[in-house]
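Beneath this line is the structure, given in structure tokens, with notes to follow.
The values are calculated or read from the model by the stated rules, or taken from the named source; none is laboratory data. None of the values given here were measured: they were computed from a predicted structure. Note that each Cβ is placed from the backbone with ideal geometry, even for glycine, and that neighbours are counted across all protein chains shown. Heavy atoms of the whole protein, side chains included, go into the accessibility calculation; ligands, DNA and RNA do not. Shrake-Rupley method; radii C 1.70, N 1.55, O 1.52, S 1.80 Å.
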Amino acid sequence: MKTLISLIALLPLGYAYYALESAIDPIKMLYTITGVGAICLLILSLIPSTCKRVCGQNFLRYRKTIGLLSFAYALLHVSVFIVLDSELDFLSIVEKSLKKPFIYVGVIAFAIVLFMALTSTKKRFARFSKYHKAVYIALILALLHSFWAQKVAGVFEYGVVAMSVILLGERIFHLKNNLLYNAP
Ligand code: HEM
């Protein structure tokens, strides 16, 4: 099942490889596919714990796979910026970042998903799992980054925001109940 999830998650990259030659703006297309892939998988990685709480279905064993796939897409996305768009030219990276402040928000979101990927091994997760709640900050920052990058929001942007509000809303509701009733 984890292999199937990974294969489905990597399909857009197959499409990107196939469509690259005929793309009008290949770099923009790669930014979109890798950025959208990273944000969608980040949202999907939150669903297993919601499912467990809301409908008692336990898909928690797939959470790490989905989280690491989101990180892989974010890493490709950042590589598009550093290697393809900025051609490894440090000055150009600084120049672009100064011109596009939404990039800073992306950098912080990326730093969080990088930390989570590095601490996702069994041993490290046992030590750092409480910091994995930072995924919610990464999601909010990634949403802000993508909205800011796009200037005009379309159906996709509103769709991911709606999904995120539902997932974050359920968590806040659950946390509130926990605090109110000290439920274990
Ligand atoms: C070092 C970190 C990052 C950098 C330098 C970066 C850079 C960029 C750039 C330059 C764009 C605009 C592309 C364009 O329209 O021309 C963009 C868009 C986007 N980024 Fe990032 N990004 C970073 C991190 C992230 C992360 C961590 C995520 C998600 C988890 C993400 C998701 C997106 C999305 C969804 C878009 C909009 C794509 C579209 O609809 O076309 N980015 N990013």
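A few remarks follow.
- Restricting region 32-79 to residues that are touching a His at 6+ places or on another chain (Cβ under 7 Å) and open to solvent by less than 50 Å² (accessible area, probe 1.4 Å), the residue that is nearest to Thr3 (Cα to Cα) is Ala38.
- Search result, residues across region 76-111 that are closer than 19 Å to Gly37 by Cα, among the hydrophobic types (A, V, I, L, M, F, W, C) and within 9 Å of the ligand (Cβ to nearest atom): Val78, Val80, Phe81, Ile82, Phe102, Ile103, Val105, Val107, Ile108, Ala109, Phe110, Ala111
- Restricting attention to region 133-165 and to residues that are touching a residue at least 24 places away in the same chain (Cβ under 8 Å), open to solvent by 40 Å² or more (accessible area, probe 1.4 Å) and of a type in the set (A, V, I, L, M), the residue that is farthest from the ligand (Cβ to nearest atom) turns out to be Met163.
- Residue check for Ser6: open to solvent by 50 Å² or more (accessible area, probe 1.4 Å) and more than 19 Å from Gly106 (Cβ to Cβ): no
- Beta carbons closer than 8 Å, at least 6 apart along the sequence or on distinct chains, pair a first residue in region 74-96 that is over 21 Å from Ala138 (Cβ atoms) and of a type outside the set (Phe, Trp, Tyr) with a second that is part of a helix (DSSP H, G or I) and at pLDDT below 90 for Asp85/Lys96; Ser86/Ser92; Ser86/Ile93; Ser86/Lys96.
- Looking across region 12-22 at every residue that is under 27 Å from Leu144 (Cβ atoms) and without any contact (Cβ under 8 Å) to a residue 60 or more places away in the chain, the one that is least open to solvent (accessible area, probe 1.4 Å) is identified as Ala16.
- Residues within region 93-103 that are open to solvent by less than 60 Å² (accessible area, probe 1.4 Å) and within 19 Å of Leu30 (Cα to Cα), tallied: 5
- Residue list for region 26-70, filter: more than 15 Å from the chain's Cα centre (by Cα) and of a type in the set (A, V, I, L, M): Ile27, Met29, Leu30, Val54, Leu60
- Residue check, His174 assigned to a helix (DSSP H, G or I) and touching a residue at least 40 places away in the same chain (Cβ under 8 Å): yes
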